[in-house]
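All of the numbers you see were taken from the coordinates with simple rules; none came from a lab. All figures in this text were calculated on a predicted structure; none of them were measured in a lab. Virtual Cβ from ideal backbone geometry, glycine too; neighbours counted across all protein chains shown.
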């Protein structure tokens, strides 16, 4: 009987504990899409024209780009949430001289735009 009187308050104490958990982690990495343009030898292509579209139909017709710009010396274009506006898939067209990425990777995975950097590498041929 004494054991039960000792165990019962211990069980009541455990049951009454507050188990709420709040995640206090704050991210300091702003969402960005990093588009990297390489050539067939995997070297960065600076000065490539990059256009970003929100649908495959716009990408195919090269109409109504969400963004158009040029890669930097590292072969990269960085887009922020202000430029991308909405989460989703994006369609990338990159070209320089007579080469483009039409036969390669041009569709991103679905991007949430809530945290961190997303890297998309495409090759122009």
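For segment 28-123, compute the orientation-averaged projected area of the C-alpha convex hull (one quarter of its surface), in nm². Intermediate values should be presented prior to the final figure.
Working: hull surface 23.8 nm².
Computing the convex hull of the Cα atoms and averaging its projections yields 6.0 nm².
Report the relative contact order of segment 28-123, percent, no decimals, based on alpha-carbon pairs under 8 angstrom and at least 6 residues apart.
Numbers: 211 pairs, mean separation 37.6, N = 96.
Over segment 28-123, the number comes to 39 percent.
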Plugging the Cβ-Cβ distance of residue 86 and residue 41 into 1/(1 + (r/R0)^6) at R0 = 30 Å yields, to the nearest 0.05, a FRET efficiency of 0.30
Could you give the nm distance between label points at residue 109 and residue 49, where each point is 7 Å from its Cα heading toward the beta carbon?
3.1
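Can you give the extra length, in nm with one decimal, that the chain gains between residue 73 and residue 34 once fully stretched, where that is 0.36 nm per residue apart less the Cα-Cα distance? Walk me through the numbers before you get to the answer.
On the way: separation 39, 0.36 × 39 = 14.04 nm, distance 1.37 nm.
Taking residue 73 through residue 34 to full extension adds about 12.7 nm, to one decimal.
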